[in-house]
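What follows is a single structure, written as structure tokens, with notes after it.
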Amino acid sequence: MKKENLLLVFIFIFGFVLNINAQTVIGKIKDTQGNTIPYAAIKIGKYIGTTSNEEGDFEINLDRFPKTNSIEISSLGFETLEINTSDFTSKEYILQDQINEIGEVAITHKNLSVEEILAKINENIKTNYVDSIQGNVFLRNSLDAEAKEIEIKALKSPWFTKKELEKVNENINQEIKNTFDRNTKSFVESFNKFYQYNNVSKVNVKKSISIADKEKNSSVDNIGNQIQKKFTKYLDSTVTYKVKTGIFKVEDSMKVSDFAVKNTEEKYKDKIVKNSFTYKMELDKLIAENSLTGGEKSRLDFIFKPKKYRYELNEITRYNGENVYVISFKPKRSSAKFEGQMVVSTEDFGVFRIDYKYAKGKHGESINLKLLVGLAFKDFGWDNTVIFNRIPTGEYTLNFVKAYSGTYIYVNRSFKFIKNRTKRSEKKEKTKLDFKFVLNMHSTKELIFMQPENISKKEFDAIKVEQQYFLEYFSKYKPEIWNGYNIIKPTKELLEFEIEE
């Protein structure tokens, strides 16, 4: 055989072996009518694998799990699909509608009222839900910032004539409008090692990426920085300035040229160092708000404070291979905020799934200090899906969260640029720059907890926390970034998203 042919045969065999070893399965989950099924659970043997995204798509690397003979795909309202590992390949999977043939004899606690079921849920939380756990956590945060109003006005200044000042104001407002006149989207994804013992957590970020335009993102900090940056280019670059906003000092000795260079350097960095503690606080908050073991931080008051809500037992059906109650709820008292439904085991009263959102006319925290300090805030949107699953010990743990929040932000503040005097005899010169902006921030966070296992105090204490991590910036989403990792498969919107140059 010729050398060229031998080489081709080798490449073919080598490629085939690699393909077998790298067992990545990509699929879509649908019902019998062809509709996609979002947030369906894919279980690899006894371990929680991944979850389909909102478009029914999933991707999973089987090499990350112990060898097993069975795969299960399940979702509320459908029969659980059991698959042999050898048959689990990249394709569409069809779930059959659940045929509800549950007789009274199948329900152990058939005569309980909804109120009694809720009491049982609370009684069994400590035994049902594990608070000492370790595993892999993937978190995706999609932020859509809508700039409703941005207005800047430089007032009387000794450095400009009245006509010059009018031109400066016109130019700055046009530049700001060009930067923030449209919705700005950004995405951040992180893969973490998560450890928790008695509700105390440790987090090590293993990889973190962002697809965002650092100059055009409509965060409060960035809008303030951009206003300051665009105005300072009209100032004398040979002197330094003290910068204040309200009573707070921003810079004591800012040189215009130094400020411009600093921002240019930041724009072209492809990665930055981030503080792990700040990220841990964000992750802890998301988990606690949607957890039955989150204590006072949990927002699931429809479970802990049932007197505030009205409940209805909708049906008894099958989910994850067992009988479940489907219970809906809505506010009864004015202090109640949410409406939705929960899926509860008829055996041990563990909660498998919760879908909840703000009821009509309800909202979260709000602060209105417009007249006092020019600030206002309102939490106007909340729509969450939370899925729990059992680990091999039989206890429940958090499996998946999709959390939407909408926030209104109002800022009406001013910058003062005060020229630093080199001599006491020099005249004190300052310019006041007023600015106002109104934002609607829409945040959607998706979290999946994979391969959860119990952790002992000794194991937890031995974990060393990495204090910093790198956040890498990309202008376009590249699926190969996550080769070898199990994540929530990106949606079509994310795959097609690209920063405009």
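The values are calculated or read from the model by the stated rules, or taken from the named source; none is laboratory data. Computed from a predicted model, the values in this text were never measured in an experiment. Don't worry about glycine lacking a Cβ; one is built from the backbone with ideal geometry, like all the others, and counts go over all protein chains shown.
Here is the figure for the stretch 36-91: residues that are in a loop (DSSP other than H, G, I, E, B) and among the charged types (D, E, K, R) total 6.
A Cβ distance below 9 Å, combined with a sequence gap of six or more or placement on separate chains, defines the contacts here; from the stretch 487-501, residues that are within 22 Å of K206 (Cα to Cα) and assigned by TED's automatic domain parsing to the domain that holds L143 reach no residue that is part of a helix (DSSP H, G or I) and at pLDDT below 85. Annotation: of all residues in the stretch 342-373 being in a strand (DSSP E or B) and among the small types (G, A, S), the one that is surrounded by the fewest Cβ atoms within 10 Å (Cβ to Cβ) is S366.
Residues of the stretch 482-501 that are of a type in the set (S, T, N, Q) and surrounded by 11 or more Cβ atoms within 10 Å (Cβ to Cβ): N486, T491. Among the residues of the stretch 440-481, the ones that are loosely packed, with under 14 Cβ neighbours inside 10 Å and among the β-branched types (V, I, T) come to 1 in all. Residue check: F388 meets all listed conditions (1) surrounded by 19 or more Cβ atoms within 10 Å (Cβ to Cβ); (2) farther than 30 Å from Y309 by Cα but one, namely (2).
A quick yes/no check of all residues on (1) in a strand (DSSP E or B); (2) at pLDDT 80 or above:
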| site | (1), (2) |
| --- | --- |
| L118 | no, yes |
| K126 | no, yes |
| N141 | yes, yes |
| E146 | yes, yes |
| P158 | no, no |
| N169 | no, yes |
| S208 | yes, yes |
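The listed residues are I354, I303, I327, I367, and the only one of them that is of a type in the set (A, V, I, L, M, F, W, C) and modelled with pLDDT under 95 turns out to be I367. Out of the residues in the stretch 18-46 that are under 15 Å from F138 (Cβ atoms) and not β-branched (V, I, T), which is nearest to the chain's Cα centre (by Cα)? That would be Y39. Considering only residues that are surrounded by 12 or more Cβ atoms within 10 Å (Cβ to Cβ) and of a type in the set (G, A, S), look in the stretch 266-314 and name the one that is farthest from K362 (Cα to Cα). Checking each candidate, the answer is S276.
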